[in-house]
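Once you've had a glance at the structure underneath, I'll fire off some questions.
The values are calculated or read from the model by the stated rules, or taken from the named source; none is laboratory data. These numbers come from a predicted model, not from an experiment. Cβ sites come from the backbone with ideal geometry, for glycine too, and all protein chains shown count toward neighbours.
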Amino acid sequence: MSYVIREYTPADETSWLRCRVLSFLGTAYFDDVHKAKPDVVAPGFELVAVGEDGLVVGIMDVTAQGELATIDTVAVHPDHQRKGIGRALLSEARTRVRALPVVTLDAWTRDDPDTLWWYRAMGFAESAHYLHVYADRYADESEPDRAIGERRPGLRPVAVFLHGDLRDEQAMRQQFTRVHVCRRFCMAP
Ligand SMILES: CC(C)(COP(=O)(O)OP(=O)(O)OC[C@H]1O[C@@H](n2cnc3c(N)ncnc32)[C@H](O)[C@@H]1OP(=O)(O)O)[C@@H](O)C(=O)NCCC(=O)NCCS
């Protein structure tokens, strides 16, 4: 399949959202769903890879402020992964970032082995780590109470999302069903 990489336009929104949700479905971000495309403010930018049928098969949103640019979203439609689209989106993003005063391009991601392979293969170096902890009553009735100390009268916690220290990983995994290690990947653009 041939594709072009170009700027996102508002007419791409539905296709962009579908590409993102399908791409994330098999990952630790499976429940991170947007109903509308988040805005990216200049000098950040929004790139899409679009197939011959006009549908979005890859997305790359980058925000930029001063010396730091961050990949907010990178995703390739599951039917088109491992065909170089992610690499091509990153290459175009790096070209654009080099025109800015940016010295570091980074991204934060969880613990999906395939995604980690991609970041490493693209030349990113892994650095900061912390925990994403989900305390979910439907996984284990006592998880929310274990996560938050005092309850507000009249309210019963059902699902709580928390950040934690990597040093507590083992203890967190013993107490909560869903724990991710979130990590930063960095490179010079
Ligand atoms: C991660 C992702 C963006 C990569 O895009 P892609 O178009 O599938 O990857 P590419 O074809 O550009 O891969 C380039 C190179 O990365 C490496 N790579 C990519 N996926 C890999 C995998 N699963 N295992 C090992 N190496 C891998 C390979 O070296 C590959 O080159 P090769 O195919 O010639 O061997 C894409 O797989 C994706 O959308 N994943 C799910 C969503 C996601 O996790 N997004 C990031 C959330 S922060």
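For residues in the stretch 69-91 being touching a residue at least 60 places away in the same chain (Cβ under 8 Å) and more than 6 Å from the ligand (Cβ to nearest atom), which is surrounded by the most Cβ atoms within 10 Å (Cβ to Cβ)? I'd like the intermediate steps shown before the answer.
Taking the stretch 69-91 as the starting set, the residues that turn out to be touching a residue at least 60 places away in the same chain (Cβ under 8 Å) are 69, 80, 83, 85, 88-89.
Okay, now just the ones that are also more than 6 Å from the ligand (Cβ to nearest atom), so 69, 80, 88-89.
Working: A69: 27, H80: 19, A88: 18, L89: 22.
Only one residue tops the list, namely A69.
Quick check on E46: is it over 18 Å from the mean Cα position of the chain (by Cα) and in the same structural domain as R18 (by TED's automatic domain parsing)? Spell out the reasoning first.
Details: over 18 Å from the mean Cα position of the chain (by Cα): no; in the same structural domain as R18 (by TED's automatic domain parsing): yes.
No; evaluated as a whole, the condition is false for this residue.
Looking at the stretch 99-110, I want the residues that are of a type outside the set (A, V, I, L, M) and have a partner that is surrounded by 14 or more Cβ atoms within 10 Å (Cβ to Cβ) and not in a strand (DSSP E or B) with Cβ atoms under 7 Å, at least 6 apart or on another chain. Which pairs are those?
From residues that are of a type outside the set (A, V, I, L, M), the pairs are T109/T115; T109/Y119; R110/A28; R110/Y29.
Also, quick follow-up: Restricting attention to the stretch 95-110, report how many residues are within 16 Å of the ligand (Cβ to nearest atom), small (G, A, S) and surrounded by fewer than 14 Cβ atoms within 10 Å (Cβ to Cβ).
Start the filter on the stretch 95-110 by keeping residues that are within 16 Å of the ligand (Cβ to nearest atom), which leaves 95, 105-110.
Right, trim to small (G, A, S) and you get 107.
Now narrow it down to the ones that are surrounded by fewer than 14 Cβ atoms within 10 Å (Cβ to Cβ): none.
Final tally of qualifying residues: 0.
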